[in-house]
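Here's the structure, in structure tokens; my notes come after.
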Amino acid sequence: MIQGGRITLFTHDTSSLVRFYVETLGLKLLVLENSASFTVDAGCGFTLEFRQSPTVSSPLQTDAPAIGLGVKIPLSEAIAVYENRGINFAVEQTAGGDRAHFRDPDNHALYLFQVTET
């Protein structure tokens, strides 16, 4: 049926987000269009697309959807790696497992979660 997907978010500064998603999070850059748009591979057929919009200001609304990124290593190890790269987390314990919430430079909400094998 469905495999992968894409979420598109709008930003006022694509250059800082390219650095964050590629250099800090280590995602693969797929497309960079004249610094007005870029797409990164978030794994398993899921991509994140960011488009520059003159109507978006920073910080963005905090009630926007959050992007969940599954990690293949233990969550605590992933948090330690990213904390060394300057990311601050708020860990939430849920019935479905822990989530480590953080924000990108444009204030988009993200969280890490542990991928479980099925």
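The values are calculated or read from the model by the stated rules, or taken from the named source; none is laboratory data. Nothing here was measured: the structure is a model prediction, and the numbers come from that model. Reconstructed Cβ throughout: ideal geometry from the backbone, glycine too, with neighbour counts over all protein chains shown.
Selection of region 29-50 for residues being part of a strand (DSSP E or B) and over 17 Å from residue 110 (Cα atoms) yields 29, 30, 31, 32, 33, 37, 38. Total residues in region 61-118 satisfying the condition of being over 16 Å from residue 43 (Cβ atoms), small (Gly, Ala, Ser) and modelled with pLDDT of 90 or more: the figure is 6. Of everything in region 30-50 that is touching an Asp or Glu at 6+ places or on another chain (Cβ under 9 Å) and not hydroxyl-bearing (Ser, Thr, Tyr), the residue that is nearest to residue 113 (Cα to Cα) is 48. Inspection of region 10-25 identifies no residue that is at pLDDT 85 or above, farther than 16 Å from residue 105 by Cα, of a type outside the set (Phe, Trp, Tyr) and surrounded by 14 or more Cβ atoms within 10 Å (Cβ to Cβ).
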